[in-house]
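Enquirer: Sharing a structure with you now.
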Amino acid sequence: MKKHILLTALLLLAFTVKAQNTDSVTVNKKGSWGVNFANVGLSNWAGGGESSIALGTVFNTSIERIKGKSTWTNQFDFALGGAKVGEQDFRKTDDAIILLSQYSTEIKSNLAWSITGILRTQLLEGNTYAPHPTIIGEEVATKISKFMAPGYLSINLGIDHNVGEHLKISFAPAAGKFTFVLDDDLSAVGAYGVKPDEKVRTEFGTNFLAVLNLPIMENISFNSSLNFFTAYNSFGNVDTNWETLLVMKVNKWFNATFGTQLIYDDDILIRVGGDDTSPVFDRRIQFKHVLNFGANFSLFTTN
């Protein structure tokens, strides 16, 4: 069944590419790079607190190729940030790599079939910190993630429907979700839902995606992406990924962004208590928000 789904998707893609006529090609490119910096310095400050430095960068680029009724979109998003508070070492606060590739062919107005691949991972190692058991003031770092541990690859074959100008809904009854844990230590304990000592978990099911791009007013826009996936062998257990981004442009060079991400994955267990010898894990909703203010540079924009 799994092989048949993948084979069908590849055959449909190959047939569509071969069947394209000699229509003219339009290529749209966009790229931007942003940096942000924050600093607090304290010396003999009676009110308390600690000096801190925070740095962050965001890079986004996309290339869209349109030929006749077919569109091929490729997108790369990267974010990395960190902070140093007091005497602590510099620690990361944001880390994301997202690669997207989508090929779609119009069936009729506002309706198209598409095949989409999305890869999500991070660049640097992630750790949790706990007080050192014997050295006062010291902490012990425990590795919980790194590049491609986890990594998530989703491949979706289905239908896209544009609802008005700002909302697109995608339904993929043939969807694959692949979870990678390419780190020996993390795979040995079965992190992120893989079986112990295995590095890949494969699931096939149904995927639903709703994407909203809404201009609120001049220089302010809101984007939201809501994704649901349920595997056929555990139908009804829904993995959720909901991301939002509010962008507020101050002028040509400076902007502020506020983003959130909510994740619920039935296969991911979060430590909720216990000690190092008897930790307690349970399923939990994961939530992240990131507020950035800084310089933003348009690298290229072509149509």
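FYI, it's all coordinate maths here, none of it is from the lab. Owing to the predicted nature of the structure, the values given are computational and were not obtained by experimental measurement.
Enquirer: What is the angle, in °, between the Cα long axis of helix 2-19 and the longest principal axis of the Cα atoms in the chain? Nearest 10 is fine, range 0 to 90.
Expert: Here the helix axis deviates by roughly 60 degrees.
Enquirer: Still on this structure, please answer the following. At 222 nm, what helix-only mean residue ellipticity would the chain give, in deg cm²/dmol to the nearest 500, using -39500 (n - 2.57) for each DSSP H run of four or more?
Expert: That calculation yields -2500 deg cm²/dmol at 222 nm.
Enquirer: Something else now. Amide H to amide H, which residues 5 or more places from TRP113 or on other chains are under 5 Å from it, using H placed in the peptide plane?
Expert: Under 5 Å from the amide H of TRP113: THR105, ILE107, ASP160.
Enquirer: Using the Karplus equation 6.51 cos²θ - 1.76 cosθ + 1.60 (θ = phi - 60°), what ³J(HN,Hα) coupling, rounded to whole Hz, does each residue of the range 83-89 give in order, writing x for Gly and Pro?
Expert: Karplus values, whole Hz, x for Gly and Pro: 8, 10, 10, x, 8, 5, 5.
Enquirer: Name the residues whose placed amide hydrogens come within less than 5 Å of the amide hydrogen of LEU123, ignoring near sequence neighbours (fewer than 5 apart) on the same chain.
Expert: Correct list: ALA96.
Enquirer: Quick one: Karplus J couplings for the range 217-228, per residue in order, coefficients 6.51, -1.76, 1.60, θ = phi - 60°, nearest Hz, x for Gly and Pro?
Expert: Karplus values, whole Hz, x for Gly and Pro: 7, 4, 6, 10, 9, 10, 10, 9, 10, 10, 10, 10.
Enquirer: Okay, moving on. Could you work out how far the C-alpha centroid of the range 227-273 sits from that of the range 131-145, in angstrom?
Expert: Centre-to-centre distance over Cα atoms comes out at 29 Å.
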